[in-house]
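Comments concern the structure below.
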Amino acid sequence: MEILDIRLLGLAVVAALGYGIATIGMKIASGHWSLIAYGLILLGFIAATQAEVVLMRGVTLGTLYLLIIAIETLIVLTYAYSIGEGLSSRDMGGGALILLGLAIVSH
């Protein structure tokens, strides 16, 4: 995969956003189930699935998942920080390792 291919990168972002939205829905559901939580989970997984099906036609599986995980990591850590859960040095280190892995594999 050529990382600079805007269409594929856009689909990877959609997949990562889908997983991120589903994760936010699960966080909401951890407090109490609601229609919003259920809707976010369902919407997120549907979006991620649709984007990944198209992506798998032109991207190797290893590269695809590293890219999605890297983007999703940024989304979820940003959300966790925004709701006051904070980021420990361990969280930031883990996120950095994911991004480093993506950089190593993509070259």
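The values are calculated or read from the model by the stated rules, or taken from the named source; none is laboratory data. Just so you know, these numbers come straight off a predicted model, no measurement behind them. Neighbour counts run over all protein chains shown; Cβ positions are idealised from the backbone, glycine included. Remember, those area values only see protein heavy atoms, side chains included, never the ligands or the DNA or RNA. Shrake-Rupley method; radii C 1.70, N 1.55, O 1.52, S 1.80 Å.
Tell me, please, whether a residue that is in contact (Cβ under 8 Å) with a residue 40 or more places away in the chain, among the small types (Gly, Ala, Ser) and in contact with a helix residue (DSSP H, G or I) (Cβ under 8 Å, 6 or more places away or on another chain) can be found in segment 27-45. The answer is no, given that none of the residues of segment 27-45 is in contact (Cβ under 8 Å) with a residue 40 or more places away in the chain, among the small types (Gly, Ala, Ser) and in contact with a helix residue (DSSP H, G or I) (Cβ under 8 Å, 6 or more places away or on another chain).
Of the residues making up segment 1-20, those that are open to solvent by 60 Å² or more (accessible area, probe 1.4 Å) and either modelled with pLDDT of 90 or more or assigned to a helix (DSSP H, G or I) (or both) are Ile6, Arg7, Val14, Leu17. Considering segment 22-50, the residues that are under 12 Å from the mean Cα position of the chain (by Cα) and of a type in the set (A, V, I, L, M, F, W, C) include one that is nearest to Val105 (Cα to Cα), namely Ala48. The set of residues in segment 62-107 being open to solvent by less than 40 Å² (accessible area, probe 1.4 Å), farther than 23 Å from Leu8 by Cα and in a helix (DSSP H, G or I) consists of Ala80, Gly93, Gly94. Selection within segment 34-61: residues that are modelled with pLDDT of 90 or more and of a type in the set (Val, Ile, Thr). The member of this set that is most open to solvent (accessible area, probe 1.4 Å) is Ile36.
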